[in-house]
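Please treat every number below as a calculation from the coordinates, not as lab data. Keep in mind that what you see is a predicted model, and the values were worked out from it rather than measured. FYI the Cβ positions are ideal-geometry reconstructions off the backbone, even for glycines, and counts take in every protein chain you see.
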Amino acid sequence: MEFTVQQIADLLQGQVQGDGQATVNRLAKIEEGTPGALSFLSNPKYEHFLYTTGASAVIVGKTLELKQAVTTNLILVEDPYSAFSTLLEVYQQALASMREGVEEPCFLGENSSIGPNHYRGAFSYIGKNCRVGKNVHIYPNAYIGDNVTIGDNTVIYAGAKIYPETVIGSSCTIHAGAVVGSDGFGFAPQKDGSYKTIPQIGNVVLEDHVSIGANATIDCATMGSTIIRLGSKIDNLVQIAHNVEIGQHTVVAAQTGISGSAKIGNHCTIAGQVGIVGHISIADKTIVGAQSGVSKTIKETGTFIQGSPAFDYKQNLRAMSVFRKLPELQKQVDELREKR
Amino acid sequence: MEFTVQQIADLLQGQVQGDGQATVNRLAKIEEGTPGALSFLSNPKYEHFLYTTGASAVIVGKTLELKQAVTTNLILVEDPYSAFSTLLEVYQQALASMREGVEEPCFLGENSSIGPNHYRGAFSYIGKNCRVGKNVHIYPNAYIGDNVTIGDNTVIYAGAKIYPETVIGSSCTIHAGAVVGSDGFGFAPQKDGSYKTIPQIGNVVLEDHVSIGANATIDCATMGSTIIRLGSKIDNLVQIAHNVEIGQHTVVAAQTGISGSAKIGNHCTIAGQVGIVGHISIADKTIVGAQSGVSKTIKETGTFIQGSPAFDYKQNLRAMSVFRKLPELQKQVDELREKR
Amino acid sequence: MEFTVQQIADLLQGQVQGDGQATVNRLAKIEEGTPGALSFLSNPKYEHFLYTTGASAVIVGKTLELKQAVTTNLILVEDPYSAFSTLLEVYQQALASMREGVEEPCFLGENSSIGPNHYRGAFSYIGKNCRVGKNVHIYPNAYIGDNVTIGDNTVIYAGAKIYPETVIGSSCTIHAGAVVGSDGFGFAPQKDGSYKTIPQIGNVVLEDHVSIGANATIDCATMGSTIIRLGSKIDNLVQIAHNVEIGQHTVVAAQTGISGSAKIGNHCTIAGQVGIVGHISIADKTIVGAQSGVSKTIKETGTFIQGSPAFDYKQNLRAMSVFRKLPELQKQVDELREKR
């Protein structure tokens, strides 16, 4: 897709400084710009690249005062970052709308329906009695079990697996290899020391605008539902156990694990490789630092914790700074005891 | 499927109190019960829900003394939890038995056989020279390489990948996206600093009643076999490296990693996000707390360890409680030194 | 495949001691050898097995002095480990070369090309405009999106997912279930507390001889490329975020996570379950111990760090040894204060 600089400026409600008829056909970082590329400059730290970039055009703030001559063409806008972000979205929507239709062979079970403008890739599978909305993209090798509901504009990437009975909202993204609805890890210990599998008959509910990362796993509830609410974003390789509830607009970074029946609030930020034990609740706006282990309920909104087991972030920082000098502390105590 | 309350009571060898002709068609938690639902009450903490539940019937202990009138119908049994558990199993078996047959296209390599009453989903793949038992369910997009053996009643969920030469016992469950038999991480450092791949020619052996969680990875042995013994349960996203041996009836929770040639005993409980180094052995009935790092052989049966690196659980607890107050301890020592 | 002991000796430029016409048909550990097996003895610790092994032949060093009579046949070579390693490679190459051709149905998008001597498994998918080299093996249920480039001799195992625009070099191995090119975890917080998805338009570049483990996830760059350079080896379930750069011949063990825009040097060794924060750089030849959390740039080549947060390995070891005795240290301080 090729556009003139003027066309881009019009789309962004900006002004051209330079040649509006120059053409661009792709996006690039300003430091990596070559002819045909469109870049942007938001962070002043990168301003020096503006004078040397090979990009055909750069989006800049309209208040920017040039310190040297530029050879590239400028598009002046209110907020370059946000303008570029808009551009990225238009670009992705254009790409997405180009992908439509059905590649054969693919499988659609009896009594299942799918709305208009969809894409179903080769070797994708939709079981029986599914209800799939419009503008839904289902990539190759994705699996959707029986009785699944999927809202409009949702994208299921290659090889994602959605177990039967799952409910997925609108505008959700399920990345490649993610598993939604696998059995919870429930085994009843028997007298002889063996384990009996506890059948897991619940499901998973993802509300609208939820994103699930690549190869993440979301277990179904033993009974009832494992729920991820509106707008929450789950990163790659995260494990969410049976009957967990995650509130609205909460972010969970990569490789974190949340144990059974834990309840996470709204607007929380859970960093990477965190572990959260089962059956506790975490207040809204809680921040949990990376690699922490949360073992107790957090009641106060906006708490920031760190460590394994986790406690107050600042207190942990101070304890860690003494920890590094523990051999010295031990030596000081030894001296005091000798001289006593 | 709809049943009368009397039919359920007969199945559970219980007695009806109320209307035996009322009908139920699904299972639900007592606090979420609506007409048509069948629930159970085991934990006394939930007894108050019995008087308000909308469920059509509730399974209760026959010794329960009602504190108020109930509007729901009761099924009196010896042990409500175990009765409900039985019901769940019957329910799942009924669901499973409904899934039978072959969905096309699917792939069956030359000289492979599969027993009666099986399900093979669309886009599932079985390589050459495989021996698959009876009542086996292989879900869509699952891959089974050449020369694999699978016992009776085993379920391979959607998109699981079983490498060639793997041996899987009876009544095993391999959840979606799990990888069994991938190459061990073996690379020989060369003089120029590069790495040469060490071919991995061993396999994986899963004995009977083993469960492998979603997106877990079990590497094959360099030579010989990586082995998971009778009844052990491996949770989601667990990594088991080449030549590891896991004993009988051991449970490994989510996101734990076990390094090459480690040997884990019988009846162990390994919590989530644990790391175990290679070439050590862990005695029977060892319990390893969450996020621990096990760096040494555990010789004593029934040891409970915690921490990274892990040591005695109680000792770790006490050390952690001083850790939190380290800044204060440092201050106390500083004062003592000043006043000396 | 069956060979005489003499044929094996000729291949390894070794000498037979015993019956050169004896036949072998598989490889086995010396302690597990049974008739028909070929083993090797490199580590003197295992020498006693040489006198009792059931293997039909054993590769040994030509300087070995026998302490007892042997019943097996010997193949005398310069370096038994390296000879056996050569044998393993020949074995694997023979296996690989036997796998050739196309299993139907599989999908090849328009305007895509693939070189000679390839294998494409059933239900494998190659999108549009892909350029795939020669001797490439693509296993069943693997997915390769549009505009992907793959070099010669690369193997893509079952169910691996390669997103559009990815560039993969020669002699790479992508294990089952790995995801290469998924969206980076980029979300811009909005004033109402919700998150807006930042489109990710970059890609992933894997240079030659790179290995990606089973179910590992490599995110694409927001813009530009996430890069893994020549000869680096990534283990199972590793997470590599957007815009990360990993140098040459670096090894990253299982379940490690590397956050956005971190830059790892050449010849580094990152152990298992490590976390590395975003936007830092790690010098060449750095060693990071298992379960560590790296929060700061490492400038000095050859640094060895441990802990969460990580600092000097030896210093951490000493601090940990005091940590275990913290309750005792506290008691000592309490006593000093009382007696003051």
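Of note:
- P(r) tail fraction, the range A:207-330 - alpha-carbon pairs more than 27 Å apart, %: 18 percent
- Across the range C:217-279, Cα-Cα distances exceeding 14 Å account for 48% of all pairs.
- The trypsin sites (Lys or Arg not before Pro) found in the range B:160-234 that occupy coil by DSSP, while having at most 12 further C-beta atoms within 10 Å, are B:K191.
- Mean Cβ neighbour count within 10 Å, used as a protection proxy, ranking C:251-262, A:235-246, A:117-128 highest first: A:235-246, C:251-262, A:117-128
- Taking GluC sites (Glu not before Pro) across the range C:73-105, the ones in a DSSP loop with at most 14 further Cβ atoms lying within 10 angstrom of their Cβ are C:E78, C:E100.
- Taking A:G186, A:G231, A:G20 as the candidate residues, the one with maximal mean-square fluctuation in a Gaussian network model of chain A, Cα springs under 10 Å, is A:G20.
- Reachable lysines from A:K296, criterion Cα separation under 19 angstrom, eight or more residues apart if same chain: A:K263, A:K285, A:K314, B:K314, B:K325
- Fraction of antiparallel bridges per DSSP, the range A:61-210 only, in percent to nearest 5: 10 percent
- Label point of C:E89 (7 Å along Cα→beta-carbon): distances to the other copies' equivalent points are 5.4, 5.4 nm, sorted ascending.
- Panel values: the range C:34-100, Kirkwood radius from alpha carbon pairs, Stokes-Einstein at 25 °C and 0.890 mPa s, translational diffusion coefficient 192 µm²/s.
- Once Rg and the Kirkwood radius are both taken over the C-alpha atoms of the range B:92-166, their ratio Rg/Rh works out to 0.93.
- Approximate shape of the range C:41-146 as ellipsoid semi-axes (Cα gyration tensor, √5λ), whole Å, largest first: 47, 13, 10
- Reducing the range A:256-304 and the range C:264-340 to their Cα centroids gives an inter-centroid distance of 25 Å.
- Spacing of the two label points (7 Å from each Cα toward its C-beta) at A:D10 and C:Q68, in nm: 9.1 nm
- For the protein assembly as shown, the pair-distance distribution built from all alpha carbon pairs, in bins 10 Å wide starting at 0, is 2, 10, 18, 23, 20, 13, 8, 4, 1, 0 percent.
- Label 7 Å beyond Cα on the Cβ vector: A:H279 copy-to-copy distances, nm: 4.1, 4.1
- Percent breakdown of C-alpha pair distances by 5 Å bin, ordered from the shortest bin, for the range B:164-263: 3, 15, 24, 27, 15, 7, 5, 3, 1, 0
- D_trans [Stokes-Einstein, Kirkwood Rh over alpha-carbon pairs] for chain B, 10 °C, 1.306 mPa s, µm² s⁻¹: 68 µm²/s
- Computed FRET value (nearest 0.05) for C:Q93 with C:F304, which takes r as the C-beta separation and R₀ as 60 Å: 0.95
- Trypsin sites (Lys or Arg not before Pro) restricted to the range B:30-69 and DSSP loop, no more than 10 other C-beta within 10 Å: B:K67
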